[in-house]
Amino acid sequence: MTPTDLAEYARRQWNAVGDSFYSDDELYQYIWNAQMELATEANCIRRVYTASTVASQQEYEFPTNTLSIKRITYEGTKLVPITFREDDALTLSNSSTTATGTPQYYAVWNETIYLRPIPSAVGTLKIFSMNEPQEVTNASTLEVPSRYHLAIADYLLASMCAKDKNLQMARHYQDRWEATKIRAKTMERKFL
């Protein structure tokens, strides 16, 4: 389902087809909000990114729109996530050490990945991440799985009803949306 299809579906449900009270841009923003809630609460937008390491470079920025990292591999081998305290144990509390080799560990701080040991050659990092959605336009593709597309209409309808000052119907659709998020959290845990 495209954002345009979803906006049109919500307009039909609320009998607001052709109504200028709800602009397309406003409805696209609601769609983005709904996707963002699902992404942050249910971790349902997942990506795999590939990046090349640079010899003697320890730090690598998170890929765009990454909320959290689930796994990192280097040249196909899983890296072990560590804390900075564990990094201190590896480096004998000398975090500025420049020992190079094949990375075996990674730490994360402020949306930056720190590899240990520091890569001694060019290699391939594969980053498995949970992501937030990109901004929604009429040309966008919904990033949450299709199993949630129609449920996003409940979020749209709750927002439309609230704007229309029909708080009883807004609450009805909001309750449906909240129930969807609870089901999504449970369902998405099964896939991790």
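Structure data summary
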| read-out | value |
| --- | --- |
| Hydrodynamic radius (Kirkwood) for region 106-192, which is based on Cα pairs only, to one decimal in Å | 16.7 Å |
| Among Met169, Met130, Met36: highest mean-square fluctuation, GNM of the chain, C-alpha pairs under 10 Å | Met169 |
| The chain, helix-only ellipticity at 222 nm - DSSP H runs n ≥ 4, -39,500 (n - 2.57), divided by all residues, nearest 500 | -13000 deg cm²/dmol |
| Kirkwood Rh, angstrom, region 48-157 [1 / mean 1/r, Cα pairs] | 15.8 Å |
| Contact order relative to length of the chain, as percent, for alpha carbon pairs under 8 angstrom and 6 or more apart | 33 percent |
| Debye, to nearest 20: dipole size of region 63-192, +1 on Lys, Arg Cβ, -1 on Asp, Glu Cβ | 500 debye |
| Principal-axis tilt of helix 24-42 within the chain, Cα atoms, nearest 10 degrees | 50 degrees |
| Total formal charge among the other residues, if their Cβ is under 9 angstrom from that of Tyr114, Lys/Arg +1 and Asp/Glu -1 | -1 |
| Anisotropy class of the chain from Cα gyration tensor, a/c 1.5 cut | prolate |
| Computed over region 15-71, Cα set: Rg, Dmax in Å | 18.3, 61 |
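Laboratory data are not the source of any read-out in this text; all were calculated from the coordinates shown. Values in this document were obtained by computation on a predicted structure and should not be read as measured data. Cβ sites come from the backbone with ideal geometry, for glycine too, and all protein chains shown count toward neighbours.
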